[in-house]
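As structure tokens, the structure follows; a few thoughts come after it.
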Amino acid sequence: MKRLILMRHAKSDWSGASLNDHDRSLNARGRSSAHALGDWLRQEGLIPDEVLCSSATRTRETLTLLALPEGIETSFARKLYLASMDEILVQLQRAQGDTVLVLGHNPGIGMCADAIVTAPPDHPQFMAYPTGATLVADFEIDDWSAVGWHRGKSAHFVVPREL
């Protein structure tokens, strides 16, 4: 079995008009949300052994504030910055861990969440996939190269406002 944690970055700061989109950081609410998401992951025992993270500042900052244990195999990919759902799937198919956290951006991350599970979780915020939204899905596969659309079973879905 393989487990996917599909997370949209926490709330970003729009006040720095001179920054390009890739370089925007989190705002205060986003920093608080990222801490809460990290606490939730630890409480639920959802610790990845591999992280695939967009190279954008806000995704890197979200990852840092999750405060995951040291030593997790982590890669930062420009290809995950504003990636389509298909590009996210391509990157996931190259993963090696048993529990993989993919940290990215809408609209691709939300579209991927919807397409990767057999049935969406019964949650009013799932289709909007707001900042910090996190889907956990399980797959009856031995290797990520076998992952595809509509193959995962939704195990958890949470948004920061619930934490």
**Semi-axis lengths (Å, descending) of the ellipsoid that matches the C-alpha gyration tensor of the range 19-163** = 21, 17, 16
**Asked** Where Rh is the Kirkwood radius over the Cα pairs of the range 57-127, the temperature 4 °C and the viscosity 1.567 mPa s, what D in µm²/s does Stokes-Einstein return?
**Response** 97 µm²/s
**Complete:** From most to least accessible, 1.4 Å probe, no ligand or DNA/RNA atoms counted, F126, F157 line up as F157, F126
**Complete:** For 48-58, 137-147, ranked highest to lowest by mean beta-carbon neighbours within 10 Å, the order is 48-58, 137-147
**Overall dimensions of the range 103-163 by Cα: Rg and Dmax, Å** = 11.5, 34
**Whole-number percent relative contact order across the chain, with pairs defined as alpha carbons under 8 Å at least 6 apart** = 32 percent
**Asked** Mind listing the phi-derived Karplus ³J(HN,Hα) values for the range 31-36, rounded to whole Hz, using 6.51, -1.76 and 1.60 with θ = phi - 60°, and x for any glycine or proline?
**Response** 4, 4, 4, 5, 4, 4
**Request:** Grab the other residues whose beta carbon is less than 15 angstrom from that of D23, score K and R as +1, D and E as -1, and report the net.
**Result:** +1
**Message:** Once each part is reduced to its C-alpha centroid, what is the distance from the range 32-55 to the range 106-160 in angstrom?
**Reply:** 15 Å
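The values are calculated or read from the model by the stated rules, or taken from the named source; none is laboratory data. Note that the structure is a prediction, hence the values are computed from the model and not measured. In this analysis, Cβ positions are derived from the backbone assuming ideal geometry, glycine residues included, and neighbour counts consider all displayed protein chains. For accessibility, only protein heavy atoms count, side chains too; no ligands or nucleic acids. Shrake-Rupley method; radii C 1.70, N 1.55, O 1.52, S 1.80 Å.
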